[in-house]
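Since the structure comes first, as structure tokens, the remarks are kept for the end.
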Amino acid sequence: MANISEDIEYSSRTVDQDVDTVAICPLHPEYMIIGTYSLLKKDEPCDYNGQTRRGSLQVTTVMSTFKPRYAGMLPPSLDRVDFPCAVLDTHFHPSDSTLLGVATSNATVHFFRFTMHGDVLGRRVITKLLPLGTVRVAENDEHGLVPLVTQFTWFPETRTHGVAGISDVVDVGFAATTSFGDARVVRISVPAVKDLFDERADQPPQALVPISNDIVHKHELEAWTVAVLDLGSSSWDGNRCTSRVILSGGDDSALIASSASPSTITTHPSAPNSTSLSPCDTLSLNAMPLWKDRRSHTAGVVSILPLPPATVRSGNGGENRRDIIPLATGSYDEYIRLFEIDTQTYRASFKAELRVDGGVWRLKVLDQYSTRREGQAQLQHHTLVLASLMHAGAAIIRITRTTVTSSSSQGDTWTITPVTIFRAGHESMVYCCDARLENGNTNGSSQDQTQKGREQAGEGSRARAAPAYTIVSTSFYDMKICTWKFVDHLKAQSR
């Protein structure tokens, strides 16, 4: 794999446990949450008999060094939660940007509210992870073995109901995989605690009873990754229940797809702010197997990334058009592969692959945009992807769909190209990365406001600036967190 960038400037720091997951907070992008995973040593004290792992959630800053915003400002107070189990996956909710889900090695998913507030007298920011409860995803086997929740992914919709600040809850759903090979869909009502002023913030977290917990399909060995394709409405409205495709990958080298939709029994829908459940809440899940692919991957499938939907052309002159969802997968066999999922038939067709010299543990979309060369009948749509490549480091990958608008065209083509590879700061497996956009963001941050001011003053145009990212990559055994920069010059040139 070419384009290894050994000259990237970076900063690094070391934490006290092995890091295997990281999530930058969308609302407060100066902070991130890291999750850790450690095996107990024989002589190490344990919290209960039979304990084999421990872990933690740690709030930390994205940047390695603290820069005060005003004279006398002290470093922030960073919260930490220790677990008698390992943390395997963390994600902020896409529609509720401070609601954090945490998958652990004791078959549960924990829910937290990430908050921060200023301590005027203490001259610092205080961060807090407020526990909201836990849900058990899978039961022990007949021998008492506890399954790991290896990965989960949120459904985008939420529904809040109840008395605000007293009894309100937010209904959420997610798909998850376990070390027993299950792919599951879980729906749960989580206390809608928003801040420290909620009277429930001081109460101990409760074990929450799920609205539903359904097995969609099973792998023959451990399942490691799960993804969701939304093919219907994303709403808690009882008249528009969502239809989805659940995809998962595992150690059996299989990529499995099943459709999942609520039953079609009709009842009267509840009001959006009602404390009663809507029809979608009360109905069971209909899961139907679609296909199982054991030929495309030569080792375990450990990452699945749906890309933005597209309409592709095929045939002479590209006259035939189909709506598809591109799907990228990563495997222990060191390949990133690209498939097209037909939105009508749900069938998958292989399109491209790239060997990256390391197991592809995680994939994350950074950006997407189109370019057209002046005077050429060629349109290219690019998706920029951040990849965690285990012993090969971290990488920026570009997935490109090329459309040639001419009578001689045979249809759209796909390519996967390495852009940047970062290895210098890591001495062991890179299991997780995350990124934040430094210019052109739309979250109302101080960075965005500063950039807007510059535009108004004529000091620069954001439309012409190359998008710049701060990347955080972590390595496991050496407990390293590295922070580095990436600038997408191709997007700037295309403007």
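The values are calculated or read from the model by the stated rules, or taken from the named source; none is laboratory data. These numbers were taken from a predicted model, which means no experiment stands behind them. With ideal geometry, Cβ positions are generated from the backbone for all residues, glycine too; neighbour counts draw on all protein chains shown.
Tallying residues that are farther than 22 Å from Arg113 by Cβ and either at pLDDT below 95 or part of a loop (DSSP other than H, G, I, E, B) (or both) within the range 166-190 yields 3.
Only residues that are in contact with a His (Cβ under 9 Å, 6 or more places away or on another chain) and within 30 Å of Val301 (Cβ to Cβ) were counted across the range 130-150, and they come to 2. The set of residues in the range 140-160 that are closer than 23 Å to Val87 by Cβ, out of contact with any Phe, Trp or Tyr (no Cβ under 9 Å at 6 or more places or on another chain) and assigned to a strand (DSSP E or B) contains only Val149. For the criterion of being modelled with pLDDT of 95 or more, among the aliphatic types (A, V, I, L, M), crowded, with 20+ Cβ neighbours inside 10 Å and in contact with a strand residue (DSSP E or B) (Cβ under 6 Å, 6 or more places away or on another chain), Ala387 passes. For the condition at pLDDT 55 or above and part of a loop (DSSP other than H, G, I, E, B), Thr275 does not qualify.
Residues in the range 75-120 that are buried (at least 20 other Cβ atoms within 10 Å of the Cβ) and among the small types (Gly, Ala, Ser): 5 in all. Here Val163 does not fit the description of being over 15 Å from Asp96 (Cβ atoms), in a strand (DSSP E or B) and in contact with a Ser or Thr (Cβ under 9 Å, 6 or more places away or on another chain). Where strands (runs of 3 or more DSSP E) fall wholly inside the range 287-376, the ranges with 2 or more residues that are of a type in the set (Ser, Thr, Tyr) are 310-314, 320-331, 362-372.
Looking at Arg355, Arg362, Arg372, Arg347, just one residue is closer than 30 Å to Asn439 by Cα, in contact with a strand residue (DSSP E or B) (Cβ under 9 Å, 6 or more places away or on another chain) and loosely packed, with under 15 Cβ neighbours inside 10 Å, and that residue is Arg372. Scanning the range 13-57 for residues that are closer than 25 Å to Asp434 by Cα, in a loop (DSSP other than H, G, I, E, B) and of a type outside the set (S, T, N, Q) gives Val15, Asp16, Asp18, Cys25, Pro26, Leu27, His28, Pro29, Glu30. Inclusion of Pro326 among residues that are surrounded by fewer than 14 Cβ atoms within 10 Å (Cβ to Cβ) and either of a type in the set (Lys, Arg) or touching a residue at least 40 places away in the same chain (Cβ under 8 Å) (or both) is not warranted. Flag: Ser11 matches the condition of being loosely packed, with under 15 Cβ neighbours inside 10 Å and of a type in the set (Gly, Ala, Ser).
Filtering the range 418-446 to residues that are touching a Lys or Arg at 6+ places or on another chain (Cβ under 9 Å) and either closer than 17 Å to Leu379 by Cβ or at pLDDT below 95 (or both) leaves Gly425, His426, Glu427, Glu438, Asn439, Gly440, Ser446.
Restricted to the range 343-359, and to residues there that are touching a Lys or Arg at 6+ places or on another chain (Cβ under 9 Å) and at pLDDT 95 or above, the residue that is nearest to Val419 (Cα to Cα) is Leu354.
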